[in-house]
Amino acid sequence: MNELFRILVLPGDGIGPEVMEQAVRVLKQVSVQAGAHLELEYALAGGCAIDAHGTPLLDETMERARTSHAVLFGSVGGPKWEGLGFDLRPEIAILRLRKELNLFANLRPATLFAPLIEASTLKPEVIRGLDLMIVRECAGGLYFGEPRGIETLADGSKRGYNTETYSTEEIERVGRVAFTLARSRRNEVCSVEKANVTESGLVWREVMTELHKREFADVKLRHMYADNCAMQLVRAPKQFDVIVTGNMFGDILSDLASMLTGSLGMLPSATIGATKTAQSHDQTRFNPAVYEPIHGSAPDIAGKGIANPMAQILSVAMMLRLSLGMPKEAALVEQACIEALADGARTPDLGGNFTTSQVGDAVLTRLEQLAVVST
């Protein structure tokens, strides 16, 4: 491969740097095996950027993200920065990346790897073969709606307020991502909202219905209230193929879905926007895009070397597939993770005693073996 891929690496806070180190090791090995050329740039984001520069994300870092093929993001935040105002909280880093890069769809796969079937708290027969995708709208809704703020009332008490708002354009663009993904999977979409109690939910349902009728009639569509969806994910999760929902519900439901797979440390994510067609290949790519695990910075275990790096490594696999046009290599990374888990390479969250780096070693060993077989 002659193409040069520019990757911005933002390790973040807490366990972020620890799991990112293993993910980058995997990415470098893949690049060597595939003959790909990588240019990795590192920068601060989140709490560490606040400590060093007084802001969660420097303008300079934002510009690097714009000119990158993809951003590999760690986890940010922690108790150290909880007392800061909303304009300085570490999470502003990821929110700013999404907003200014016009990334509006967060893809969160919940796939149960066979070796982990006993790690889930649900019965094996309920979750065996689980493979669902949550498409979360991530540039609008309650997290971005205006007006928002905190005010002091006449009696001295405080009132916090946020606005849940969605437009036709915002709903249609994330809906198209969900319907398109479904066509390459089991061809089913479940649209989730609260149309029974919110106007924004009612508009969401109406727009999704019209979009489906107009452009995606070949895909099966059903609607479900968010509270029922949460219950159904625990009762019968395999009924779902692609779930598409708004920002807040997507945030909550994807965390719930992560535990179906055995651990929050197993779920990667991709945040994408408009597609671009690569010049040298007939492929649709998302450039730029942001790839990150959905787990937090876990400050309680930071520095102990026991954080699960699988979600960060699997985020690399998503990046290879969606932004770098390397689906074969992405599949090899995923298979290497499955085989490493089958060999017992598990951190304490999965009931094992491997360290973070030992799990990375196991994945690299399997990746090397699989590369030999594939050639």
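The values are calculated or read from the model by the stated rules, or taken from the named source; none is laboratory data. Everything quoted here is computed from the prediction, not taken from an experiment. Cβ sites come from the backbone with ideal geometry, for glycine too, and all protein chains shown count toward neighbours.
Data for the structure
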| read-out | value |
| --- | --- |
| Failed item in (1) at pLDDT 95 or above; (2) under 15 Å from ILE50 (Cα atoms); (3) surrounded by fewer than 23 Cβ atoms within 10 Å (Cβ to Cβ); (4) not β-branched (Val, Ile, Thr), with ALA93 passing the rest | (3) |
| Residue match in segment 104-126 (condition: within 16 Å of the chain's Cα centre (by Cα), assigned to a helix (DSSP H, G or I) and in contact (Cβ under 8 Å) with a residue 12 or more places away in the chain) | no |
| Helices (runs of 4 or more DSSP H) lying entirely in segment 300-375 (those with 2 or more residues that are under 28 Å from ARG6 (Cβ atoms) and touching a Pro at 6+ places or on another chain (Cβ under 8 Å)) | 310-322, 356-374 |
| Filter pass, ASP251 being assigned to a helix (DSSP H, G or I), among the acidic types (Asp, Glu) and in contact (Cβ under 8 Å) with a residue 40 or more places away in the chain | yes |
| Selection from segment 13-23 of residues that are closer than 17 Å to LYS304 by Cβ and surrounded by 24 or more Cβ atoms within 10 Å (Cβ to Cβ) | ASP13, GLY14, ILE15, GLY16, GLU18, VAL19, MET20, GLN22 |
| Residue among LEU341, LEU350, LEU370, LEU364 that is surrounded by fewer than 24 Cβ atoms within 10 Å (Cβ to Cβ), of a type in the set (A, V, I, L, M), more than 14 Å from the chain's Cα centre (by Cα) and within 17 Å of THR261 (Cβ to Cβ) | LEU350 |
